[in-house]
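Everything below concerns the one structure shown next.
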């Protein structure tokens, strides 16, 4: 009798299996891997989506679609009425944002869907496109994998070599919501035959594009930003106006350039507040390995370690100062100095936390850089005996 | 006479039972709740809440020590006489059953919203009721074995939680006590609900093999819970911005969403399934305590039938009654308030009562 009951129960349970109301068959799904948000010339929101096609008969392996719509959710209905499958966003890899959209007030709320619905992922990279998003979606490179995967990979590898930041949706939300910092996103551009990473886009608290860093500046920004910029490699131009130049400056093809990898890095921020003004003393201590010295001037290459260190220090300090200054001018704080202010000068921070950008613009930021050359590599450009 | 001799559990099983009854639904929303009241100083409130829980636990052990073979259901009639004791027992039974009901419904609501938003409620309830019954129909020894094996078996979940630390921002925690002590104390109330579960000690004590270790056991059980809570809270605090953490309903799960390996994404789904194995202990223990109480009250040996009836009622109820998120929250709050009474205040009152009792009727009850 008990056996009968057991079997009956098992059969009953089996009968309930189709009760999984949330099932989705892969062949019914159109898996959106990349989504683009942009504004067209008439201020309509334009939403594009790209998904892979698995049918053998199809010649193109991806389908792209662009619709006008008021929200991401509404665009899905339009996608569904055109695409073969039901659009799902659970595997999204990249979100492209057009430059024109960034002009809109509070465009950030468009992304609410991704944070609210547990089914969607939080790791898609979010990218600002210099130009029209549509151009990227229409682009079909012959020598690349599926564009959506290519772009994701491009961003991730560009980040590995410290060329740009990589900001996923969750991190972006943190940067937007934290009062002590502003957001920084990957900056992309569609050129003739390529999609090119051009650096870092910097937004203000309202999500407006205020400034952008070039690739070199992005590297410096990342060095400053991160606790451990492993293997960041910097290239400095150490040209100085020389009195007795053999060749006029604009004809010189070979510049005095030194490049090095950072192997050890320490950052220390001292926060002070006096007379209604914040002051940040940023101490950056780095040990570097020289990877190349090039010069058309023999004397330059034969300088002593201390001379090199001093020159690199002075040069870096100038460059760091300039990127901080530029951000201060635009009243943005992608570095997160506000978080130091909150942590160490809470009393002074509390009244100004809602307009931190303005306060930061008046703050006094001083960079103190210490470079220690650990290693020159295994060969010198000139033998030390040369020219003696 | 030793009533529960065949069923005794070891110290480690006792620890795991206590710990397993605590580690439940509370963990998922705790970081946001704490940040809501105390900001980034919530971890201090948590430690205070833990201290209170430990004190209450010690009182429970003291209370049970005198009659080592009694559960609370035997104890109350002994002190208050049959009629009054039965009424008090009913209160305890209702408390445990309510605890079962609210943790069960809240967890199912949570799994529904995270996993299967379109699946009807009663199917979800059925899905969880079957294993629950399979577990709860057994005696304490089996329950405690389950509690232990799941603890060791799902320890990896807490290793997964280490991953988001790579995006930790230690500055978030500073300054400590930014707005003074007052908000910290306000948040203690919230932590109380998260530590509820140690009152299962009221039932477990006679089953423990070596009663002299009871104090050690209950403190370690609480400590395990504290360590896990503290770790998870700190990870959430370090990861989310202090200005934003309160806008998440379940930050504990959200923090896992950023985990991605080359070969796999969406790790949080797997963690959540693992967590289901842990969280089932909470309501099963409560249900056991309730059903066991009913069987004591009616003088029956077997609690199986009453557990089955309760589960059937819940299943039928779930087809008609679907509490909203807000309804659930207010019910959890009520349970928290009841918890203050039954788990924190009552043992102390009872202990004082027994002391007075002992003075007046010296040696009468041995």
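The values are calculated or read from the model by the stated rules, or taken from the named source; none is laboratory data. Just so it is clear, the structure is predicted and the values come from calculations on it, not from any experiment. Neighbour counts are summed over all protein chains in view; Cβ atoms, including those assigned to glycine, are modelled from backbone coordinates with ideal geometry.
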### Those residues of segment B:250-278 which are within 10 Å of another protein chain (Cβ to nearest Cβ) and either farther than 24 Å from residue B:325 by Cα or surrounded by fewer than 18 Cβ atoms within 10 Å (Cβ to Cβ) (or both), in sequence order
B:258, B:259, B:260, B:265, B:266, B:269
### Residue among A:64, A:81 that alone is touching a strand residue (DSSP E or B) at 6+ places or on another chain (Cβ under 7 Å) and more than 14 Å from chain B (Cβ to nearest Cβ)
A:64
### Query
Is there a residue in segment B:121-134 that is crowded, with 18+ Cβ neighbours inside 10 Å, away from chain A (no Cβ under 14 Å), on the phi < 0 side of the Ramachandran plot and touching a residue at least 12 places away in the same chain (Cβ under 8 Å)?
yes
### Task
Within segment A:293-350, work out how many residues are outside any helix (DSSP H, G or I) and either within 14 Å of chain B (Cβ to nearest Cβ) or touching a residue at least 40 places away in the same chain (Cβ under 8 Å) (or both).
14
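Could you say which residue among A:164, A:157 is under 12 Å from the mean Cα position of the chain (by Cα), closer than 21 Å to residue A:200 by Cα, away from chain B (no Cβ under 14 Å) and modelled with pLDDT of 85 or more?
Values: A:157 fails: away from chain B (no Cβ under 14 Å).
Within the list A:164, A:157, the selection yields A:164.
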### Task
Tell me which residues, restricted to segment B:217-260, are out of contact with any helix residue (DSSP H, G or I) (no Cβ under 7 Å at 6 or more places or on another chain) and in a helix (DSSP H, G or I).
B:223, B:227, B:247, B:254
### Summary
Screening A:119, A:144 for residues that are free of Cβ contacts under 8 Å to residues at least 60 places away in the same chain and closer than 24 Å to residue A:61 by Cα leaves only A:144
### Query
Inside segment A:274-296, can you point out the residues that are surrounded by fewer than 17 Cβ atoms within 10 Å (Cβ to Cβ) and either under 22 Å from residue A:321 (Cβ atoms) or out of contact with any strand residue (DSSP E or B) (no Cβ under 9 Å at 6 or more places or on another chain) (or both)?
A:274, A:275, A:276, A:277, A:279, A:281, A:283, A:285, A:296
### Message
Can you tell me which condition residue A:348 does not meet? The list is (1) more than 21 Å from the chain's Cα centre (by Cα); (2) closer than 20 Å to residue A:224 by Cβ, and all the others hold.
### Response
(2)
### Task
Find the residue count for segment B:269-324, including only residues that are without any contact (Cβ under 8 Å) to a residue 40 or more places away in the chain and in a helix (DSSP H, G or I).
11
### Task
Would you please name the residue that is nearest to residue B:323 (Cα to Cα), looking only at residues in segment B:138-166 that are crowded, with 16+ Cβ neighbours inside 10 Å and within 14 Å of chain A (Cβ to nearest Cβ)?
B:164
### Query
Considering segment A:353-367 alone, what residues qualify as being surrounded by fewer than 19 Cβ atoms within 10 Å (Cβ to Cβ) and part of a helix (DSSP H, G or I)?
A:353, A:354, A:355, A:358, A:361, A:362
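Residue A:190 - would you say it is over 25 Å from residue A:116 (Cα atoms) and within 13 Å of chain B (Cβ to nearest Cβ)? Give the derivation first.
Working: over 25 Å from residue A:116 (Cα atoms): yes; within 13 Å of chain B (Cβ to nearest Cβ): no.
Against the criterion (over 25 Å from residue A:116 (Cα atoms) and within 13 Å of chain B (Cβ to nearest Cβ)), residue A:190 does not qualify.
Looking at this structure, is residue B:229 over 16 Å from the mean Cα position of the chain (by Cα) and modelled with pLDDT of 85 or more?
On the way: over 16 Å from the mean Cα position of the chain (by Cα): no; modelled with pLDDT of 85 or more: yes.
No; evaluated as a whole, the condition is false for this residue.
With respect to residue B:221, determine if the residue is buried (at least 18 other Cβ atoms within 10 Å of the Cβ), in contact (Cβ under 8 Å) with a residue 12 or more places away in the chain, away from chain A (no Cβ under 14 Å) and on the phi < 0 side of the Ramachandran plot.
The answer is yes for residue B:221.
Test residue A:86 against the stated conditions and say whether it is away from every other protein chain (no Cβ under 14 Å) and under 25 Å from residue B:115 (Cα atoms). Spell out the reasoning first.
Working: away from every other protein chain (no Cβ under 14 Å): no; under 25 Å from residue B:115 (Cα atoms): yes.
It is false that residue A:86 is away from every other protein chain (no Cβ under 14 Å) and under 25 Å from residue B:115 (Cα atoms).
Conditions (1) in a helix (DSSP H, G or I); (2) loosely packed, with under 10 Cβ neighbours inside 10 Å; (3) more than 12 Å from every other protein chain (Cβ to nearest Cβ), marked per residue:
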position: A:5; (1), (2), (3): yes, yes, yes
position: A:8; (1), (2), (3): yes, no, yes
position: A:13; (1), (2), (3): yes, no, no
position: A:24; (1), (2), (3): no, no, no
position: A:35; (1), (2), (3): no, no, yes
position: A:38; (1), (2), (3): no, no, yes
position: A:41; (1), (2), (3): no, yes, yes
position: A:47; (1), (2), (3): no, no, yes
### Task
Consider residue B:212 carefully, then state whether it is under 18 Å from residue B:54 (Cα atoms), over 18 Å from the mean Cα position of the chain (by Cα) and part of a helix (DSSP H, G or I).
yes
### Message
I'd like to know if segment A:108-115 contains one or more residues that are buried (at least 19 other Cβ atoms within 10 Å of the Cβ) and either more than 14 Å from chain B (Cβ to nearest Cβ) or touching a strand residue (DSSP E or B) at 6+ places or on another chain (Cβ under 7 Å) (or both).
### Response
yes
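Being at pLDDT below 85, buried (at least 19 other Cβ atoms within 10 Å of the Cβ) and assigned to a loop (DSSP other than H, G, I, E, B): is that true of residue A:241 here?
Numbers: at pLDDT below 85: yes; buried (at least 19 other Cβ atoms within 10 Å of the Cβ): no; assigned to a loop (DSSP other than H, G, I, E, B): yes.
No; evaluated as a whole, the condition is false for this residue.
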